[in-house]
Amino acid sequence: MERLTPRVRVVWLLLALVRAAIFGGAIVGAAFGLTRTAVWESAPDVLVPAAVALAVALALLRILVAWRRYGVWRFELRDDDLYIERGVFTRVKTVVPYVRVQHVDSRRSPLERTTGLATVVVYTAGSRSSDVAIPGLTPTRAEDLQESLRQLAIETAGEDAV
Amino acid sequence: MTTLHPASVAVRSLSRSLNTGFLFFVVGIVASPGGNGTNLLSVVGLVAIGIVLGIVYEFAYYRRFRYELTDDTFDVTSGVLARRDRELPLGRVQNVDIRQNVLVRVLGIAAVHIETAGGGQTEVSLQYVDEDEARRLRRQLRDGVSTDASDTDETGTAVRDTDAASAGDETVLFEIRPHELAILSVFTIDPGASLLGGIALSFASGFDPVALVPANRLGGLPGPETGLIAIAWGLLLFVLAAWLISAALTFTRYYGFRLTRVGDELYYERGLLQRYSGTIPLEKIQTLTITESIPFRWFGYAALSVETAGYAPGQSDSRGSESAIPLADADRVAELARAIEPFGPIDLESPPRRARERYAVRYLLVVAAVVGVAFLLARYTGFIRQWYVLAALAVLVPIAAHLKWRNRGVRLDDRYVLARTGFWRRTTKVVPYYRVQAVLHQATIFQRRRRLASVTADTASSASLLGRAATAHDVDTDRGLEMQAAIEDRLQERLRARQHQRTGRRWFRDGIDPTDEESATESDGEE
């Protein structure tokens, strides 16, 4: 079983922080607006501290999940299929037979480029979110993976993939 | 290259000018010269311009539109401003549908829609061609598909006219009977109908809801407040209107439903006013779904739908067109389903008993939430007084949990995965192993507490977007892993078997005189 590059935690943590900041800013701002303006006359005093506490708690949870996600993520190129294990709350184990691979993408977001990482996305004709993305790969490993997946998909290519 | 039917200019112009005419009407109202008032003359003028533009456009569309059926592709050249040449390999055609509304039926023309697996919408729409031409196209596309699917290498076979041959081997699989149509119409709830019902009611009341409530008579009745009865009365009227419209819609939609099998294709036709017909190649079927909804299940009825990869998820109008049997005797449905995919007995393995506990806990939480909301309402508004009465709902919890548990199950057949779920709308999915695209083993945090997991066999079918993929809910974790491995193994095995079969058939065809029925008709047609 192959693990992701540990550096992927940086990407996930940064994303978690940005999302937590946006969400926290929204609820704290709303609470602040409610107490300062005349919208809600008898707003309790604890509203703003409660909003801040909620925002901090959610941020902590997000960070924890982002950290834990790395521990859970695993993938493996098996004989006939690609096997992936992921998910902190909902643990998902996906099996994608090579026969079913339609095409393979490798992509790098700006955040991934700054941290020197890449993501490989495997597409199938399936309709239920089975397009699988493997994040946190070094660019060379991503290239290798893409190439070997392509080879395996061609080797096993059967009839009409639908 | 063939053009569309000339009458299509008139029909298309009509619908087009309704659109553009309305658009220019709005533009005219908004940008009417003279400030405050709307200048009637300029509005009418703009509408006229809109209509004329629409007609000119449609005429140009008709002039530009050309299609041709070649040996292995269907070519379409179209477009007025942006031009497009499209080639559709016949082997990739999933469905061919013919649609006719009332106006078009009077003129003897029809719209032909051709679906392939890719893309977000219908790949080719011919609006409109002659009725006979539509039928001819469907037949020839089918022939092209069937030869192409069974033998991709063979070339040079001219387009054949197998009119007589196909008429001969047509077998009727299903014809809706009057009482089935009646039951279907009465009990089907059409989501669109409730909206229509609301609109109809507001028109009937002259946009004044009070008009329909006989307030003077309610006053004399004993009981709590008249306000509640008025609301109940309004709701009753609304439900009644929605129900009537829904029944009428369902009746016209499935009137004269007929399913036949021609060679290796299913062919359906239905509809009273709007006439729909289409083909479903057996070769392209992804999933069979047997649906037994609650009122129908009590009467011993079931429905069967067939999913192909042709219709894009969320595509409007695709609903119903994949329905193979809207309603029939449950035994008959099972028999027909087996005629399409010969799966074994539906002898399902139930989820472990601890799954039932899980459902009970879940429903208990729902009841607790309801009671909590009622308590808050009672505390702060006084709208409800005896909030604790709602706790009696807890009696239903074990029953509901048991029913949910009992209606779930899975079976790994030799060649098919069977998965059933749902109490109100019980669906049994039949997925051939060789159609499986990926296998997912999912366990939420609550499922992991009880060592449970859900296994999903994902296919390329279009109807599984709304959580309707074949899923074995709440099986034991280890059993789930076993299932995942087994499905994958059998997928590989079935694929190898099919590959073998295909190469064998090709060798057989090339080497020896064609003796099977399909080839015989081909050589007849080529004379």
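The values are calculated or read from the model by the stated rules, or taken from the named source; none is laboratory data. All values reported here derive from a predicted model rather than from experimental measurement. Virtual Cβ from ideal backbone geometry, glycine too; neighbours counted across all protein chains shown.
Can you go through B:ARG408, B:ARG420, B:ARG338 and tell me which one is without any contact (Cβ under 8 Å) to a residue 24 or more places away in the chain, surrounded by 13 or more Cβ atoms within 10 Å (Cβ to Cβ) and closer than 30 Å to B:GLU493 by Cβ?
On the way: B:ARG408 fails: without any contact (Cβ under 8 Å) to a residue 24 or more places away in the chain; B:ARG420 fails: without any contact (Cβ under 8 Å) to a residue 24 or more places away in the chain.
Exactly one residue qualifies, and that residue is B:ARG338.
Considering only the stretch B:393-414, how many residues are touching an Asp or Glu at 6+ places or on another chain (Cβ under 8 Å) and within 30 Å of B:ALA497 (Cα to Cα)?
Residues meeting the conditions: 3.
Name, by its number, the condition in (1) modelled with pLDDT under 85; (2) loosely packed, with under 14 Cβ neighbours inside 10 Å; (3) in a helix (DSSP H, G or I) that does not hold for B:VAL56.
With respect to (1) modelled with pLDDT under 85; (2) loosely packed, with under 14 Cβ neighbours inside 10 Å; (3) in a helix (DSSP H, G or I), B:VAL56 is out only on (1).
Residue by residue, here is whether (1) within 23 Å of B:ALA443 (Cβ to Cβ); (2) not aliphatic (A, V, I, L, M) holds:
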residue	(1), (2)
A:GLY24	no, yes
A:ILE27	no, no
A:PHE32	no, yes
A:ARG68	yes, yes
A:ARG78	yes, yes
A:GLY87	yes, yes
A:THR90	yes, yes
A:PRO97	yes, yes
A:THR114	no, yes
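Of B:ARG63, B:ARG86, B:ARG105, which residue is part of a strand (DSSP E or B), of a type in the set (Lys, Arg) and away from chain A (no Cβ under 14 Å)?
B:ARG86
Return a yes/no flag: does the stretch B:87-102 have any residue that is assigned by TED's automatic domain parsing to the domain that holds B:THR122, of a type in the set (Val, Ile, Thr) and farther than 16 Å from B:GLU123 by Cβ.
The answer is yes, given that some residue of the stretch B:87-102 is assigned by TED's automatic domain parsing to the domain that holds B:THR122, of a type in the set (Val, Ile, Thr) and farther than 16 Å from B:GLU123 by Cβ.
Could you please give the count of residues in the stretch A:58-97 that are touching an Asp or Glu at 6+ places or on another chain (Cβ under 9 Å) and more than 10 Å from chain B (Cβ to nearest Cβ)?
Number of matching residues: 6.
Restricting the stretch B:70-87 to residues that are surrounded by fewer than 17 Cβ atoms within 10 Å (Cβ to Cβ) and in contact with a Lys or Arg (Cβ under 9 Å, 6 or more places away or on another chain), which is nearest to B:ARG138 (Cα to Cα)?
B:ASP75
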